[in-house]
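The values are calculated or read from the model by the stated rules, or taken from the named source; none is laboratory data. Treat the numbers as computed from the prediction; the structure is a model and nothing was measured. Using ideal geometry, Cβ is built from the backbone for each residue, glycine included, and neighbour counts are taken over all protein chains shown.
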Ligand code: C5P
């Protein structure tokens, strides 16, 4: 049997997302607090001859994921090979998706992070975590966090990470929307409406203090997302999910990253189970999933 390296990679939620005006390179300077959650994609790499790179995708939203070289996981494999591999290194990637596509939970970034780790092991490359993190930053703003996981403060365009203290575990419920949202479109809307109302750093400091001591009330009041208005403008059903969902339970709710997934923070497991039942009945919601966070970043499940 062919060798196979199986890697699991978490999705993320931004507990805080503070956006500054667009930089000259087209990106926005961010201050964000990431948490990795137990909604995982699995990437399996098997060898392929003559340097072939290919991908197949199954699971949640698979039909919306390209399988040509515009696929971010394939780009990741190609970049890794160009920097550290040999031209005859080939791989077939199998991606099993659970993270919603274009959902604001870094699903594409997770697959790219998974491909970097799986191919580095498959090809026996001597590449450490710092080198993988550098490649990850070239591929996308959220890819380094998908590798790292846990809880981290992200600055720059989100790719500069500092791990942060987080005591205990949090219960999340995610309400998935009927369609996806393009991150670039959400940022463009943010520029159009000139909403340079950057959330003050002190709010994020308060959130970090709350996470360090598992103070649910401090976490609740510190959660913020400067992209929320833009996401709602582009996908108004988000507002129904937020408003009607909060009436059903949960401590608070926030649009996850650039949306349209809505993340509900719950007090405990019972709260989360009840909320899943309630949210499932809302017309604005396509599917509901539970997850815990923080969880580790990309890791090898098996290497045979
Ligand atoms: O880095 P990534 O390719 O994931 O970003 C997708 C798009 O989101 C970018 O092309 C850009 O339009 C927008 N973006 C941004 N500022 C960031 C991150 C992303 O404007 N910090």
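Assess whether residue 269 counts as being assigned by TED's automatic domain parsing to the domain that holds residue 289 and within 19 Å of residue 217 (Cα to Cα).
On the way: assigned by TED's automatic domain parsing to the domain that holds residue 289: yes; within 19 Å of residue 217 (Cα to Cα): yes.
Spelling it out, residue 269 is indeed assigned by TED's automatic domain parsing to the domain that holds residue 289 and within 19 Å of residue 217 (Cα to Cα).
Scan segment 148-180 for residues that are outside any strand (DSSP E or B), touching a helix residue (DSSP H, G or I) at 6+ places or on another chain (Cβ under 6 Å) and within 14 Å of the ligand (Cβ to nearest atom) and jot them down.
159
In this structure, does residue 214 turn out to be more than 18 Å from the chain's Cα centre (by Cα), in contact (Cβ under 8 Å) with a residue 24 or more places away in the chain, surrounded by fewer than 18 Cβ atoms within 10 Å (Cβ to Cβ) and not in a helix (DSSP H, G or I)?
On the way: more than 18 Å from the chain's Cα centre (by Cα): yes; in contact (Cβ under 8 Å) with a residue 24 or more places away in the chain: yes; surrounded by fewer than 18 Cβ atoms within 10 Å (Cβ to Cβ): yes; not in a helix (DSSP H, G or I): yes.
Against the criterion (more than 18 Å from the chain's Cα centre (by Cα), in contact (Cβ under 8 Å) with a residue 24 or more places away in the chain, surrounded by fewer than 18 Cβ atoms within 10 Å (Cβ to Cβ) and not in a helix (DSSP H, G or I)), residue 214 qualifies.
Which of the numbered conditions does residue 114 fail, given that it passes all the others? Conditions: (1) surrounded by fewer than 24 Cβ atoms within 10 Å (Cβ to Cβ); (2) more than 17 Å from residue 14 (Cα to Cα); (3) within 16 Å of the chain's Cα centre (by Cα); (4) more than 14 Å from the ligand (Cβ to nearest atom).
(1)
Okay, residues lined up against (1) surrounded by 21 or more Cβ atoms within 10 Å (Cβ to Cβ); (2) in a strand (DSSP E or B); (3) more than 16 Å from the ligand (Cβ to nearest atom); (4) not assigned by TED's automatic domain parsing to the domain that holds residue 158:
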{"position": "16", "(1), (2), (3), (4)": "yes, yes, no, no"}
{"position": "25", "(1), (2), (3), (4)": "no, no, no, no"}
{"position": "38", "(1), (2), (3), (4)": "no, yes, yes, no"}
{"position": "69", "(1), (2), (3), (4)": "no, no, no, no"}
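Quick one: would you say residue 48 is more than 17 Å from residue 111 (Cα to Cα), touching a strand residue (DSSP E or B) at 6+ places or on another chain (Cβ under 9 Å) and either away from the ligand (no atom under 16 Å from the Cβ) or without any contact (Cβ under 8 Å) to a residue 60 or more places away in the chain (or both)? Break it down stepwise before answering.
Numbers: more than 17 Å from residue 111 (Cα to Cα): yes; touching a strand residue (DSSP E or B) at 6+ places or on another chain (Cβ under 9 Å): yes; either away from the ligand (no atom under 16 Å from the Cβ) or without any contact (Cβ under 8 Å) to a residue 60 or more places away in the chain (or both): yes.
Criteria met by residue 48.
Let me confirm something: among 73, 77, which residue is in contact with a helix residue (DSSP H, G or I) (Cβ under 7 Å, 6 or more places away or on another chain), within 14 Å of the ligand (Cβ to nearest atom) and not assigned by TED's automatic domain parsing to the domain that holds residue 283? Working first, answer last.
Working: 77 fails: within 14 Å of the ligand (Cβ to nearest atom).
That would be 73, the only listed residue that is in contact with a helix residue (DSSP H, G or I) (Cβ under 7 Å, 6 or more places away or on another chain), within 14 Å of the ligand (Cβ to nearest atom) and not assigned by TED's automatic domain parsing to the domain that holds residue 283.
For segment 250-304, what are the residues that are within 16 Å of the chain's Cα centre (by Cα) and part of a strand (DSSP E or B)? Break it down stepwise before answering.
Here is the first cut: in segment 250-304, the ones within 16 Å of the chain's Cα centre (by Cα) are 254-264, 289-299.
Correct list: 254, 255, 262, 263, 264, 289, 290, 291, 292, 293, 296, 299.
Can you tell me which residue within segment 184-238, out of those that are in contact with a strand residue (DSSP E or B) (Cβ under 7 Å, 6 or more places away or on another chain) and within 16 Å of residue 27 (Cα to Cα), is nearest to the ligand (Cβ to nearest atom)?
Ranking the qualifying residues of segment 184-238, first place goes to 187.
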